[in-house]
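Step one of this worksheet: look at the structure below.
The values are calculated or read from the model by the stated rules, or taken from the named source; none is laboratory data. Small disclaimer: the values here were computed from a predicted structure and weren't measured. Ideal geometry is used to build each Cβ from the backbone, glycine not excepted, and the neighbour counts take in all protein chains shown.
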Amino acid sequence: MSVKNEPAFPVTFTDKSGQIAPTFTGMTLRDWFAGHAPDMPDWWYQVFCGIEKNKAQQNRSYIMRGQLEAICEWRLEYANRQLAAREVKPK
């Protein structure tokens, strides 16, 4: 199982006869890290949305959509970096 698909809180159940049921994986570790990412820094929004500034100035709904996309991208990038840091072996 790759680190990115590793379950954050795996739970294995047994039935009354003691048979082990399939493991319930729930959210992935990536989901967990993304959900706990710090607030998006201002510089991230400027980098993420800087290419299409002209469109953003013309349409307020475009600005809101751009902000939401930037927040999602920030959280996922943060999670990816956390996972990458776990793969680095200490010296």
Right, ALA8: of a type outside the set (S, T, N, Q) and modelled with pLDDT under 70 or not? no
Determine if region 49-58 includes at least one residue that is surrounded by fewer than 13 Cβ atoms within 10 Å (Cβ to Cβ) and modelled with pLDDT of 85 or more. no
